[in-house]
Amino acid sequence: MLPAEVLEVLDVVRRHNTWRKFECINLIASENTMSPLAKALYVNDMMHRYAEGKPGKRFYQGSIFIDILETRTSDLLAKLFNVRFAEVRAISGSIANAIAFRSFASVGDVALVPALQSGAHISHTEFGVLGALGIKHVEMPFDLDSWNIDVDKAVKLIESIKPRIVVLGASLYLFPHPTKPIAEAAYSVGARVVHDVAHVLGLIAGGVWPNPVHEGADAVTASTHKTFPGPQGGLILTNREDVYKLVSNNVLTFVSNHHIHRLAATAVTAIEMMHFGSAYADQITRNARAFAEELASQGLPVVAENLGYTKSHIVAIDVRKFGGGAKIAKLLEEANIIANKNVLPWDRPQDAPNPSGIRFGVQEMTRFGMKEGEFKEIAKLIADIIVRGAEPSSIRRKVVELRKDFVKVHYGFDLPEDLGKKTIYEFIEMGI
Ligand code: DSN
């Protein structure tokens, strides 16, 4: 019999898995679920190993097959995103940003960044990775009419403050940031452009969102587990050899062990996106649009109404008049609808604990096969709670019922059919 403490650990994990996988509707915009094949491959012996350095130039012996896998994973991602170089050793999006920022700027330099209130990620700012590297930030003006960076004002700011880096991309990312005009202005003053596409990487893979590498960004950073439904990890893409060399040389500053076991799952997910990415991304954008429209028609203030609400997987609502984001996120959680409170452009820094907004992402439930009809249903359940004041526990039963038919991952590979009673490890060990 296992010690009681171990049983407790197992039980917490079992309860989490049951709740989040079978009973909740997950609308956190930064999460997803791997395919059965990627998930099975995630746990492998490489999780015990080190492979510091680059393939063929390691500090440790024993990485013959790791080198093959890492090179193959980089090649697959470069091919998927139609770029020359993919650096896969960053273990998260924030670490990818750290590597890119360190490659382009030093202590005391200035970066021009999207404002936190308008959706920037904390790592883009003085309060996160950027600040930890001693780089100062200046915020870019945001235009509420286009729900985007104000290009004219941003260009003027670039010309006057001459930053070392201009950062684009966001965590509340509804419409593509204008890489091209910003990059042109940046280059005219010798600045580098880092565009963080963590949220929309899967949409880029599916061809429904522009790839900033092709629009002039020096480096595109991302995580590999949001709309791109891979294991948690980071990625840097570039077409420039000098940038690739810089970032690759800087990896070891931030990452000793690059969590090598995730690479097999990352590679499989990249192949899945080559096969199914276009249908998956297309359905995400349809679902987001249908969800936003239904939320609005149910009486919820969805942001960016004049622009069609969203072009990504994200939909945001302004819940100030319903008590604020903190209260509403908690009420939704009681109904097993998982989302997060989020600052909106008009919030002040002191509003962060109870901001105006709720951010929803449709990508994970799309991956589980939900379509426009289900998202309209979810919008009604949300409005029941927020607008009509329904008891969350009464809605929870409906959520569990709705989720029951959507537990199988779509747009990805199942385990091989000839697995029989073997585990994936036995299958691989026998020779494929
Ligand atoms: N915290 C993540 C998000 O939710 O956007 C990004 O790292």
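General remarks:
- Residue within the stretch 306-317 that is at pLDDT 95 or above, part of a helix (DSSP H, G or I) and within 20 Å of Leu80 (Cβ to Cβ) present: no
- Within the stretch 403-423, the only residue that satisfies the criterion of being crowded, with 18+ Cβ neighbours inside 10 Å and either aliphatic (A, V, I, L, M) or at pLDDT below 95 (or both) is Val409.
- Residue match in the stretch 87-106 (condition: farther than 30 Å from Tyr50 by Cβ and not polar (S, T, N, Q)): no
- Tabulated pairs, the stretch 349-372, first within 16 Å of Phe276 (Cβ to Cβ), second within 14 Å of the ligand (Cβ to nearest atom) and open to solvent by 10 Å² or more (accessible area, probe 1.4 Å), C-beta under 9 angstrom, 6+ apart or interchain: Gln363/Glu31; Gln363/Asn32; Gln363/Lys226; Glu364/Ile28; Glu364/Glu31; Glu364/Asn32; Arg367/Asn32
- The set of residues in the stretch 200-243 being within 17 Å of the chain's Cα centre (by Cα) and of a type in the set (Val, Ile, Thr) consists of Val200, Ile204, Val208, Val220, Thr221, Thr224, Thr227, Ile236.
- From the list Ile122, Ile161, the one residue that fits, being surrounded by fewer than 18 Cβ atoms within 10 Å (Cβ to Cβ), touching a strand residue (DSSP E or B) at 6+ places or on another chain (Cβ under 7 Å) and either of a type outside the set (D, E, K, R) or modelled with pLDDT of 95 or more (or both), is Ile161.
- All conditions but one from (1) at pLDDT 95 or above; (2) over 30 Å from Arg367 (Cβ atoms) apply to Thr179; the one that does not is (2).
- Qualifying helices (runs of 4 or more DSSP H) (wholly inside the stretch 108-199; at least 1 residues being within 24 Å of the chain's Cα centre (by Cα) and within 16 Å of the ligand (Cβ to nearest atom)): 129-132
- Residue match in the stretch 176-186 (condition: touching a Phe, Trp or Tyr at 6+ places or on another chain (Cβ under 9 Å), open to solvent by 20 Å² or more (accessible area, probe 1.4 Å) and closer than 17 Å to Thr310 by Cα): yes
The values are calculated or read from the model by the stated rules, or taken from the named source; none is laboratory data. Since the structure is predicted, the reported quantities are computational estimates derived from the model, not experimental observations. FYI the Cβ positions are ideal-geometry reconstructions off the backbone, even for glycines, and counts take in every protein chain you see. Heavy atoms of the whole protein, side chains included, go into the accessibility calculation; ligands, DNA and RNA do not. Shrake-Rupley method; radii C 1.70, N 1.55, O 1.52, S 1.80 Å.
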